[in-house]
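Read the figures in this text as sums done on the coordinates, not as results from a lab. Values in this document were obtained by computation on a predicted structure and should not be read as measured data. FYI the Cβ positions are ideal-geometry reconstructions off the backbone, even for glycines, and counts take in every protein chain you see.
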Amino acid sequence: MRYGINGSGRMLTHGVAGLLEDMRASEAAGFSSYWVAQVGLVDALTAIGAHGDTGSSMEIGTAVISTWERHPHALAAQALTTQTLVGDRLIVGIGLNHQPHVEGRLRMEWHKPVRHMIDYLSILGDLLATGTASFQGEVWSFEAADAKPSPGVPKVMIAALGDQMLKVAGRRTDGTILWCVGPKTIGSHIAPIINDAAAAADRPAPAIVCSIPVWVTDDPQPARDFLATILADYASLPSYRAMMDIEGVEGLGDLSIVGDEEAVRAALGELAESGATDFTPVPMGGNPDEEARTMALLTEALG
């Protein structure tokens, strides 16, 4: 299992400058990947492009960009530009978002979500690979031929949790990006479905990228209570709720990896055995000492 870092929390607390600093530090430490969510009015791909081409092999991905908010042509243009800026190591992570957000905040119709993603991937994939797309779908259609700014083709992954989306991910993408998913759920649900779908489509084994908070502390219960409070909304979203039910937990306070070094190492071992190919934690801590212990343990896990 490879280790990366999810820097989305860093961006929320330290801004874009802090995110770029953390990205550089993660690169220097030897993490295999770094992930940034599309949060509010901070554009993830622009921030990633600002990191630039450092000659490193660390992949940099979005986790994730909502498809409803960005036309596949617009996303392809920005992704290909960013791919050029970072030296051909971009992973384009996209997702459907959630019905309450799409309808309540974006004021858009939640219509045929699985077909929406299939059509979107058809257009996006062709544009990223060749600069040309000619596709008539049920939800998305597009016709154009453009010059690519770089010959490189970014990887594409989707946030897939349910059976249908996992099959789409396995058949058509490089993998799935998970949030609110534990080792039991990966082993019994995620990995079997996506791996079987990829094999049936004669595609390489897909990446299963798992992201949850990690917090090294000698006093775990207050830390879990804090995480349960600030991340409570996730448990009310049907797709995440279904994953937590499979795992047998109430919320992210229970699902997060929290405890002393021995407990955290054991939990990381469970994830590695579950079928996750990549673990990209959100590092946490209640004080500078806990933050340092968390990062020290994650760096140690690199081997």
Using only Cα atoms, find the angle between the long axis of helix 288-300 and the longest principal axis of the chain, and express it within 0 to 90 degrees, rounded to the nearest 10.
-> 60 degrees
Per the Cauchy relation, a quarter of the hull surface: what is the mean projected area of the convex hull of the alpha carbons in the chain, in nm²?
-> 14.8 nm²
Per residue, the convex hull enclosing the Cα atoms of the stretch 67-166 spans a volume in Å³ of 95 Å³
Measure nothing fancy, just the Cα-based angle from helix 261-274's long axis to the longest principal axis of the chain, in degrees from 0 to 90, nearest 10.
-> 30 degrees
Regarding the stretch 153-257, what are the three Cα extents along the principal axes, ordered largest first, in Å?
-> 47, 26, 20
At 1.306 mPa s and 10 °C, Stokes diffusion of the stretch 1-159 via Kirkwood alpha-carbon radius, µm² per second | 98 µm²/s
On full extension of the chain, what length is gained from ALA50 through ARG115, given 0.36 nm per residue of separation minus the C-alpha to C-alpha distance?
-> 20.0 nm
How far apart, in nm, are two points set 7 Å out from the Cα along the Cα-to-Cβ line at ALA28 and at GLN164?
-> 4.8 nm
Highest mean packing first, using Cβ neighbours within 10 angstrom, the peptides 145-153, 181-189, 295-303, 34-42 sort as 181-189, 34-42, 295-303, 145-153
Calculate, in nm to one decimal, what ALA272 and ASP219 gain on full extension: separation in residues at 0.36 nm each, minus their alpha carbon distance.
-> 16.6 nm
Using a Förster distance of 35 Å, how high is the FRET efficiency between THR229 and GLU143, based on the Cβ-Cβ distance and rounded to 0.05?
-> 0.10
By how many nm would the segment from ARG241 to ALA199 lengthen if fully extended, with 0.36 nm per residue of separation less the alpha-carbon distance?
-> 12.3 nm
Once phi is turned into ³J(HN,Hα) by the Karplus curve 6.51 cos²θ - 1.76 cosθ + 1.60 with θ = phi - 60°, what whole-Hz value does each residue of the stretch 27-36 show in order, with x for glycine and proline?
-> 5, 5, 6, x, 5, 7, 7, 9, 10, 10
